[in-house]
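Asker: I am attaching a structure below and will ask some questions about it afterwards.
Each reported figure results from applying straightforward, stated rules to the coordinates on display, with no laboratory input. From a predicted model like this one, the values you see are computed outputs, not experimental measurements. With ideal geometry, Cβ positions are generated from the backbone for all residues, glycine too; neighbour counts draw on all protein chains shown.
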Amino acid sequence: MFSFTKDQTQYELNGVKVGGLPGENPTLMFGTIFYEGEFEKPSDGLEKAEELIKKQNEFSKRTHVPAIPDIFIYDKEEVEWKIDFALDTVEGCFSLDMPESEVRIKALEYLKEQDALNRVIYNSINIGISKEEIETLEEHTPKSAIVLAFNPKSGSVQGRLDIIKDGGQLLEVGLMNIAEEAGIENILLDTAAQPFKQGASETLRAIPVFKSEFGLPVGCAMHNTVESWQWLEKQDKKIFDTIDTSINGLPVLLGGDFVYYGPVENAETQLVNAAMVDKLVAEGAEEYFGTDITEDHPYNHL
């Protein structure tokens with residue numbers, strides 16, 4: 001259990017709270033849809049995609065764990081139909097997960113056209129950002145964004161801090177500076193999950209450090225560490241699914257505020273697991289630190 005002397009910022013993302021002291025609010029969970037090989041074009045089962053989002057919403061209500069869809073976009077040709085789908089299907093905010101800078105640029109332009117920059121969580125501002133993307137961010141600024149602490153030069157906690165604070169000798173300025181200069185109001189910090197032997201444990205160790213340093217909501221996607229574990233690929237799917245669920249409790253135990261848990265198909269087990277861990281953290285926070293637990297929290301309902 002953790003408590004921090006630095007004031008902890010909370011954001012409200014279209015009615016969903018994230019951040020604060022550990023245990024104060026339930027963990028914000030992001031389930032990803034349109035990952036590689038799933039629904040390659042608009043005609044490929046969008047009804048199923050909508051049903052998966054509804055399922056996540058259902059378990060969010062049952063568990064009192066907030067959940068937001070994460071829409072994965074691989075290339076520029078997918079930008080318009082995937083954003084249209086999100087705008088038509090999702091109530092409130094949605095995350096746009098876009099690995100390539102040119103895709104992020106086109107997405108910003110289209111979101112501006114649709115007057116939807118306030119609804120998106122831009123994922124992410126990272127070391128791959130281009131000068132053109134920075135200019136586009138400043139012109140078409142999303143209200144919320146993930147800042148990713150991946151540092152290819154150093155996977156240590158300090159290396160991750162450096163890329164956020166001053167660019168870690170790889171960028172002219174830190175990623176935090178880029179986000180603030182663009183005018184992003186809600187900055188969420190992702191400690192950048194890594195494979196084993198490449199700083200996997202540092203991903204988790206960075207969470208309380210980032211909370212202490214910045215006072216902002218912090219989280220990660222430990223699902224990516226599981227996905228990269230080659231030994232696990234040879235095991236039974238039940239084993240994989242168990243590990244994939246259980247690992248997402250670890251960031252919360254270390255003070256994390258949000259989790260990208262992987263495929264939205266796994267909402268049922270992931271949100272129930274999150275509710276259990278949230279209850280444990282809230283109980284400890286209340287008993288040891290006198291933390292006020294928000295009313296709409298699994299601790300008060302399940």
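Asker: Multiply the residue gap between LEU117 and GLN198 by 0.36 nm, knock off their C-alpha separation, and tell me the result in nm, one decimal place. Don't skip to the answer; put the middle values down first.
Answerer: Working: separation 81, 0.36 × 81 = 29.16 nm, distance 3.47 nm.
Result for the pair: 25.7 nm of gain on full extension.
Asker: Give me the percent of DSSP beta bridges within the chain that run antiparallel, rounded to the nearest 5. Don't jump to the answer; show the numbers that get you there.
Answerer: Working: 4 of 34 bridges.
Among the beta bridges of the chain, antiparallel pairing accounts for roughly 10 percent.
Asker: Okay, next question. Just in the stretch 124-155: which trypsin sites (Lys or Arg not before Pro) are loop by DSSP and have at most 13 other Cβ atoms within 10 Å?
Answerer: LYS153
Asker: Ignoring solvent entirely, what values of log10 I(q)/I(0) come out of the Debye formula for the chain at 0.16 Å⁻¹ when each Cα is a single scatterer?
Answerer: -1.41
Asker: For GLN169 and SER246, calculate 0.36 nm times their separation in residues minus their Cα-Cα distance, and state this gained length in nm to one decimal. Mind showing how you got there, number by number?
Answerer: Numbers: separation 77, 0.36 × 77 = 27.72 nm, distance 3.57 nm.
Computed gain between GLN169 and SER246 is 24.2 nm.
Asker: Residue by residue through the stretch 143-148, what is 3J(HN,Hα) from phi via Karplus (6.51 cos²θ - 1.76 cosθ + 1.60, θ = phi - 60°)? Round to whole Hz and write x for glycine and proline.
Answerer: Values, residue by residue: 5, 10, 7, 8, 10, 9 Hz.
Asker: Output ³J(HN,Hα) for the stretch 48-63: one whole-Hz value per residue in order, computed from phi by the Karplus curve 6.51 cos²θ - 1.76 cosθ + 1.60 with θ = phi - 60°, and x for Gly and Pro.
Answerer: 5, 4, 5, 5, 5, 5, 4, 5, 4, 4, 4, 6, 5, 5, 5, 9
Asker: Can you tell me which lysines have their Cα less than 17 Å from the Cα of LYS54? Leave out same-chain residues fewer than eight positions away.
Answerer: LYS82
Asker: Summing +1 for each Lys or Arg and -1 for each Asp or Glu, what net charge is found among the other residues whose Cβ lies under 9 Å from the Cβ of ASN151?
Answerer: Details: positive: LYS153, ARG160; negative: ASP162.
Around ASN151, the charge tally is +1.
Asker: A further question follows. Please compute the modelled spin-label separation between TYR288 and ASN300, points set 7 Å along Cα→Cβ, answer in nm with one decimal.
Answerer: So the two model labels end up 2.3 nm from each other.
Asker: Okay, moving on. For the stretch 214-228, in order, what is each residue's ³J(HN,Hα) by Karplus, 6.51 cos²θ - 1.76 cosθ + 1.60 with θ = phi - 60°, in whole Hz (x at glycine and Pro)?
Answerer: For the stretch 214-228, the Karplus-derived couplings read 10, x, 9, x, 10, x, 6, 10, 5, 3, 5, 5, 4, 4, 8 Hz, x marking Gly and Pro.
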